[in-house]
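First comes the structure, then the notes that go with it.
The values are calculated or read from the model by the stated rules, or taken from the named source; none is laboratory data. Small disclaimer: the values here were computed from a predicted structure and weren't measured. Virtual Cβ from ideal backbone geometry, glycine too; neighbours counted across all protein chains shown. Please note that ligands, DNA and RNA were not included when accessible areas were found on the heavy atoms of the full protein model with its side chains. Shrake-Rupley method; radii C 1.70, N 1.55, O 1.52, S 1.80 Å.
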Amino acid sequence: METETTVDELVAELAALEDPRAREVNEKHGDDHGVNLGKLRALAKRLKTQQEVAHQLWATEDTAARLLAILICRPKAFEHDELDAMLRQARTPKVHDWLVNYVVKKNPHCEELRLAWFPDPDPVVASAGWALTTERAVKNPEGLDLAGLLDVIEAEMKDAPDRLQWAMNHCLAQIGIEHAEHRARAIDIGERLGVLKDYPTPPNCTSPFAPIWITEMVRRQHAM
């Protein structure tokens with residue numbers, strides 16, 4: 001079976017998994033696909049790792065196909081410029097998040113991309129830089145200027161576009177959770193800016209409002 005046929009067949013298989021209710025829910029979050037993610041993951045498990053097929057699925061520009069591409073690709077095989085181009089093409093939140101979390105974080109160019117994306121004028125690209133910075137603040141903070149990051153958050157988060165604001169807020173919360181010496185300031189910034197204070201939070205979920213988030217996660221750490 002030729003690869004091209006396989007990709008055509010996979011796109012057809014994804015189309016057959018389309019669920020109108022799933023699409024309705026996804027579209028509320030800015031994602032233009034209706035494939036149940038459990039079924040998508042099952043399909044990826046069946047395919048295993050296929051880098052060339054992943055490239056071709058990505059090239060279709062279809063959101064479900066791109067999500068499948070992310071699941072079957074080889075994260076370490078991508079070049080720096082290739083990932084930069086892919087991130088700029090990833091305009092739906094789910095594709096963007098999966099690309100950053102499942103591919104970029106495992107790629108040897110991750111730190112270079114973090115530094116390139118962080119100051120990018122495109123807020124969606126910049127949000128990826130912030131997501132990678134948050135990861136470093138938690139797992140490898142040495143060399144990061146955490147106080148400087150809090151300065152930027154304090155000055156810019158309130159008026160940042162949604163995706164960038166969400167990423168900055170996540171960084172604020174993780175600095176407060178992981179670094180006791182910055183905790184009081186992180187909570188204070190969150191209180192003063194009030195970002196996501198009124199975010200609708202389901203029962204048994206932690207609010208993304210940084211002061212509540214930080215306080216709850218620290219409480220859990222001490223309870224363990």
Whole-Hz ³J(HN,Hα) for each residue in the stretch 6-11, computed from phi via Karplus 6.51 cos²θ - 1.76 cosθ + 1.60 with θ = phi - 60°, x for glycine and proline: what do you get? 4, 5, 4, 5, 5, 4
Rounded to whole Hz, the Karplus (6.51, -1.76, 1.60) HN-Hα couplings of the stretch 42-54, x for glycine and proline: 5, 5, 4, 4, 5, 6, 6, 7, 9, 4, 5, 5, 4
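Summing +1 for each Lys or Arg and -1 for each Asp or Glu, what net charge is found among the other residues whose Cβ lies under 14 Å from the Cβ of residue 150? Can you show the working numbers first?
Numbers: positive: 158, 183, 185, 192; negative: 145, 151, 154, 156, 178, 181, 188, 191.
Taking every other residue near residue 150 into account, the sum is -4.
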If I take every Cα pair under 8 Å that is 6 or more residues apart in the stretch 6-110, average their sequence separation and divide by the length, what percent do I get for the relative contact order? 24 percent
Spelling it out for residue 35: with amide H atoms placed in the peptide plane at 1.01 Å from N, the residues 5 or more places away or on another chain with amide H under 5 Å from its amide H are 19
Cα point-scatterer Debye curve for the stretch 1-108, base-10 log of I(q)/I(0) at q = 0.14, 0.17, 0.20, 0.23 Å⁻¹: -0.51, -0.76, -1.05, -1.35
Proximal charge balance of residue 126 [Cβ under 12 Å; K/R count +1, D/E count -1]: 0
Let me see the P(r) profile for the stretch 9-70: every Cα-Cα distance counted, bins of 10 Å, each bin given as a percent of all pairs. 23, 57, 19, 1
Share of carbon and sulfur in the accessible heavy-atom surface of the chain [1.4 Å probe, %]: 52 percent
List the lysines whose Cα lies under 16 Å from the Cα of residue 197, skipping any in the same chain that are fewer than 8 positions away. 158
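Rounded to the nearest 0.05, what FRET efficiency is calculated for residue 162 and residue 52 with R0 set to 25 Å and r the Cβ-Cβ distance?
That gives a FRET efficiency of 0.10.
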Projected-area average for the stretch 92-186 over all orientations - Cα convex hull basis, square nanometres: 5.9 nm²
One point scatterer per Cα, no solvent, Debye formula: log10 I(q)/I(0) for the chain at q = 0.15, 0.17 Å⁻¹ comes out as -1.05, -1.22
Relative contact order [Cα under 8 Å, 6+ residues apart], the stretch 92-182, whole percent: 27 percent
Probe 1.4 Å, accessible area per residue of the chain, Å²: 53 Å²
Determine the sum of side-chain charges near residue 94: Lys and Arg each +1, Asp and Glu each -1, restricted to other residues whose C-beta is under 11 angstrom from that of residue 94. -1
Straight distance only, please: which lysines reach the Cα of residue 45 with their own Cα at less than 30 Å, same-chain residues fewer than 8 apart left out? 28, 76, 94, 105, 106, 139
